[in-house]
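A.B. asks: Here it is, the structure in full.
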Amino acid sequence: MNKLLKTKKAMVIASDCEDKRDQEFAYKNFFLPMQKIFQEVVPFDLRKRYFIYGKRKMNQDLLKTIEKVKPDYILFSMSYDEVFFKTLETIRKKYPNTALLQWFGDDTWRFDDWSRHIVLFFDYILSSEKNEHDYKKDGINTAHFLNGANQDVFKPMDTEKKYDVTFVGGAIRDRPDFSRFLKQNNINIRVFGMGWEKYPDLKDIYGGYKSTEECVEIMNQTKINLSYSKTPIPEKVDTHVKAKIFEVPACKSFLLMEHFPRVEELFKNSSKLTFKTKEELLEKVRYYLSHEKEREKLTLELYKETMKKFLWDRQFENVFSQISKKKVYHKPLPKIKKKIICISEQDFSSEEQLKQKASNSDYVYFNKGEYQNSPRRVFFQAYSLEKSKKQISCCDYYIHSKSVGDYMLFTAKKAYRSITREAFNSLVNINELMVTKKYFLENYDKFKSVFNGSQVNFIDDNNTIFVSIPLVRISQLNTADYNSMKKAFRMKFLDRLFYLSSQKKIFFSKYPYKLLLFGILGRFFIIKHLYSSIITKENFLKIKMLFKK
């Protein structure tokens with residue numbers, strides 16, 4: 001144990017890092033292991049405080065807590081826009097000797113649009129993926145691999161193996177298809193977690209949602225545990241590291257995992273433990289159910305590998321020991337040495353003058369109708385074009401109203417991946433785009449057509465880089481069918497309603513009534529989403545879990 005670190009203080013700023021009751025991810029994997037390393041660790045639960053106090057108050061409280069604790073190290077695990085960039089900049093300026101770290105859990109599919117930008121505010125990066133080279137390509141040399149299991153939570157139990165095959169996790173992507181295929185081929189499989197109640201034909205194998213303690217027991221009681229690796233939304237790199245591949249072995253239980261990039265770098269016998277298709281999974285399940293000794297031999301090998309290389313407390317101590325030897329230096333944000341101009345509707349009155357204006361620039365963004373830019377909008381989008389070498393940068397945007405504030409959030413990348421192209425084109429707003437000079441001049445007529453009312457219909461994988469940060473706030477809302485709207489937008493009005501409910505102000509605030517009026521006057525999807533989000537059984541459980549004490 002590093003004696004120097006035992007004299008230091010740290011903070012963990014993440015969702016669910018204070019949740020002792022069910023030992024959520026950040027609590028069991030960040031807070032508990034770090035308690036073994038530092039003199040004091042103070043948790044700050046982003047999700048709980050966000051919903052109870054609202055985003056602005058949460059950010060204010062965060063700065064006050066840091067001022068009170070004065071930590072030597074701060075570990076963040078931001079997942080989207082919980083923390084204002086202004087808050088991060090204040091921390092960097094006010095605490096020059098505090099090392100700032102950010103843990104990224106989905107770098108396989110979120111690097112280009114998310115991690116690449118957020119990393120600029122931190123001194124060190126902790127990534128769940130073995131892809132440090134992605135950071136190095138951007139000139140970031142402070143990334144460390146960090147993923148594993150907490151052996152104080154996930155541990156062997158002396159219990160009977162009463163299940164042949166189990167999967168614990170949500171019913172996303174093709175997980176129901178795999179489970180159905182095993183069931184149809186007479187494999188005794190059980191599934192646990194959220195979303196499985198949507199599949200009536202799997203009702204007989206569904207065991208409900210389970211706490212962490214119950215999950216550990218199930219892992220120990222299972223002959224073959226399954227881990228699926230696909231990302232939540234379809235991607236070009238479509239599989240990634242899941243925590244379960246460390247947690248099951250830590251229980252000294254057998255695991256079959258869906259193949260993902262660099263799995264060979266993690267486990268010695270990965271070829272015997274991975275599958276890519278339903279047929280390959282079925283073949284290996286049948287084989288290992290009938291070859292108990294080989295299964296137990298592989299289980300023991302995997303357990304030893306996990307104990308040696310993939311325990312959170314050992315990895316944390318290793319990383320913080322390395323960091324403690326270096327002087328803290330908050331590297332300034334990179335300079336964008338490009339000429340960037342804004343083009344408005346009035347500019348299109350003279351084609352010659354507009355093309356001349358654009359030809360003297362490097363990048364172009366747009367102003368159509370009523371909208372507002374984030375202070376970091378131009379920086380992030382120009383940076384994304386520079387690093388990606390693509391022609392179009394498309395960021396996320398808020399839908400704003402004076403009466404109800406930011407009530408919706410368009411998630412461009414998710415929408416592009418999960419809804420029809422026709423629906424996506426109807427929701428893209430010209431104000432969320434920045435393009436290269438060359439692309440604008442070569443496609444002048446397309447942009448002129450958009451300013452005259454046509455849809456943006458030229459975004460594709462080859463020419464566009466997404467920036468999954470809301471950098472624009474607009475007033476005009478285009479709509480598509482309800483299912484597309486539900487997938488494309490985060491309904492931020494729910495956050496406000498949760499906040500009012502937690503403060504017991506829901507019936508005394510004008511906000512719910514303004515929201516209902518909004519729905520009645522044409523935005524019917526708001527009322528529909530309120531019903532589907534609050535009254536359904538699945539979402540009621542989610543809300544109940546969120547506010548549990």
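A.B. asks: Identify, by number, the condition in (1) touching a residue at least 24 places away in the same chain (Cβ under 8 Å); (2) farther than 22 Å from Glu89 by Cα that Arg377 doesn't meet.
C.D. replies: It fails just one condition, (2).
A.B. asks: Please state which of the following conditions Ile340 fails to meet, knowing it meets all the rest: (1) over 29 Å from Ser127 (Cβ atoms); (2) aliphatic (A, V, I, L, M); (3) touching a Lys or Arg at 6+ places or on another chain (Cβ under 7 Å).
C.D. replies: (3) is the only condition that Ile340 fails.
A.B. asks: Oh, and also: Have a look at Ser344, Ser393, Ser359 and point out the one that is surrounded by fewer than 17 Cβ atoms within 10 Å (Cβ to Cβ), in contact (Cβ under 8 Å) with a residue 40 or more places away in the chain and hydroxyl-bearing (Ser, Thr, Tyr).
C.D. replies: Ser359
A.B. asks: Looking at (1) more than 24 Å from Ser374 (Cβ to Cβ); (2) among the β-branched types (Val, Ile, Thr); (3) touching a strand residue (DSSP E or B) at 6+ places or on another chain (Cβ under 6 Å), find the lone condition where Val119 falls short.
C.D. replies: Tallying (1) more than 24 Å from Ser374 (Cβ to Cβ); (2) among the β-branched types (Val, Ile, Thr); (3) touching a strand residue (DSSP E or B) at 6+ places or on another chain (Cβ under 6 Å), Val119 fails exactly one: (1).
A.B. asks: To continue, here is another question. So which residues in the stretch 286-303 are of a type in the set (Phe, Trp, Tyr) and within 13 Å of Ser253 (Cα to Cα), if there are any at all?
C.D. replies: Within the stretch 286-303, Tyr288, Tyr303 qualify.
A.B. asks: Shifting gears a bit: When the stretch 411-423 is examined, which residues are found to be modelled with pLDDT of 95 or more, surrounded by fewer than 19 Cβ atoms within 10 Å (Cβ to Cβ) and among the hydroxyl-bearing types (Ser, Thr, Tyr)?
C.D. replies: Result: Thr420, single match.
A.B. asks: I need a count of the residues in the stretch 400-410 that are closer than 29 Å to Lys236 by Cα and surrounded by 22 or more Cβ atoms within 10 Å (Cβ to Cβ).
C.D. replies: 2
A.B. asks: Restricting to the stretch 180-197, name every residue that is in contact (Cβ under 8 Å) with a residue 40 or more places away in the chain and either closer than 16 Å to Gly169 by Cβ or outside the structural domain of Pro261 (by TED's automatic domain parsing) (or both).
C.D. replies: Leu182, Met194, Gly195, Glu197
A.B. asks: Out of everything in the stretch 357-404 that is of a type in the set (Ser, Thr, Tyr) and not in a strand (DSSP E or B), what residue ends up being farthest from Lys337 (Cα to Cα)?
C.D. replies: Taking the candidates together, the pick is Ser403.
A.B. asks: If you go through the stretch 1-23 one residue at a time, how many are part of a helix (DSSP H, G or I) and at pLDDT below 90?
C.D. replies: Qualifying residue count, the stretch 1-23: 1.
The values are calculated or read from the model by the stated rules, or taken from the named source; none is laboratory data. Fair warning: this is a prediction, and the values are worked out from it, not measured in the lab. Here the Cβ is made from the backbone with ideal geometry for all residues, glycine too, and neighbour counts use every protein chain on show.
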